[in-house]
Protein chains: 2
Amino acid sequence: MPDILHKIGIKSSQADVYKALTAIERLSGWWTTTTEGESKIGGVLRFRFGNGGFDMKVLQLDPAGRVLWQVIDGPEEWIGTTISFDFDQRGDWTIVLFKHAGWKEPVEFMHHCSTKWAVFLLSLKSLLETGGGAPWPNEIKIDSWE
Amino acid sequence: MPDILHKIGIKSSQADVYKALTAIERLSGWWTTTTEGESKIGGVLRFRFGNGGFDMKVLQLDPAGRVLWQVIDGPEEWIGTTISFDFDQRGDWTIVLFKHAGWKEPVEFMHHCSTKWAVFLLSLKSLLETGGGAPWPNEIKIDSWE
């Protein structure tokens, strides 16, 4: 099954990256301003983008290098897919390897989401390096669906 | 084998998108300023980024919706892979579906290239919508490899 892969290097500590991937107020700073829920193992995070959005069950929370969510509600193509962030500090940088796995088919929506994840990961980098991210609804628009 | 997929929607005609994917001076405006070669079937395009770069053999050139290249020289992981742009006009927009196919393994370099392709496709969009792209060496940097 095809996966969406990305990499982003952030001039930041691993601890700060972990916080940006787990604390509700930090997630709100780079992905979507309307983020709610419980960021604990078995908890559910609710990311909203206007009318639509995604509910994620938190499966792994490891400050040493991994956060893993599974989509339990949202667009049909997303349900059951997993989203992982593997990260490690290398000198002044923390390197994040991102994977959105479990897509059934490489549909047009998957192409869209791949580019969009890149946009949001650049927002994550900006949040940590400059103090300001560009979460929805202020993120870079990529096509006519937005 | 895993593929890199992206989608970008451009407020531009299909003819202008085709030109941006085929004319040397237009390719220089969004991917890398140092682009040379012959953009014809069987011709070779040479994209340079400082010391490194990619040589692509042009396999398909269809103004009605498809450009296809095959990598014949460059980093080992890229050799033999193919890069395709499928595009079609929908109202005011031309939608581009991008695929970099034939990677052997989902290595860290593939993660890097996926995010980097998103950056360059945003540059392509900007070139066509605003008149100015951000080709190498002025593109957005994503990690410690740059």
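Here are the numbers:
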read-out	value
Positions within the stretch B:110-134 being within 10 Å of the chain's Cα centre (by Cα) and of a type in the set (V, I, T), in sequence order	none
The stretch A:55-85, residues that are buried (at least 19 other Cβ atoms within 10 Å of the Cβ) and among the β-branched types (V, I, T)	A:V58, A:V67, A:V71, A:T81, A:I83
Strands (runs of 3 or more DSSP E) fully within the stretch B:1-58 counting 2 or more residues that are in contact (Cβ under 8 Å) with a residue 60 or more places away in the chain and among the β-branched types (V, I, T)	B:4-10
Verdict on B:G9 being in contact with an Asp or Glu (Cβ under 6 Å, 6 or more places away or on another chain), surrounded by 19 or more Cβ atoms within 10 Å (Cβ to Cβ) and at pLDDT 95 or above	yes
Pairs, first facing chain A (nearest Cβ under 9 Å) and touching a residue at least 40 places away in the same chain (Cβ under 8 Å) in the stretch B:99-116, second charged (D, E, K, R) and buried (at least 18 other Cβ atoms within 10 Å of the Cβ), C-beta under 6 Å, six or more apart	B:K99/B:D3
The one condition in (1) away from chain A (no Cβ under 14 Å); (2) under 29 Å from A:I8 (Cα atoms); (3) without any contact (Cβ under 8 Å) to a residue 40 or more places away in the chain that B:V119 fails to fulfil	(1)
Residue among B:D88, B:D92 that is in contact (Cβ under 8 Å) with a residue 60 or more places away in the chain, within 14 Å of another protein chain (Cβ to nearest Cβ), surrounded by fewer than 17 Cβ atoms within 10 Å (Cβ to Cβ) and out of contact with any strand residue (DSSP E or B) (no Cβ under 8 Å at 6 or more places or on another chain)	B:D92
Some residue of the stretch B:57-72 being more than 15 Å from the chain's Cα centre (by Cα) and closer than 25 Å to B:N138 by Cβ	no
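The values are calculated or read from the model by the stated rules, or taken from the named source; none is laboratory data. All figures in this text were calculated on a predicted structure; none of them were measured in a lab. Every residue, glycine among them, receives a Cβ derived from its backbone with ideal geometry; neighbour counts consider all protein chains shown.
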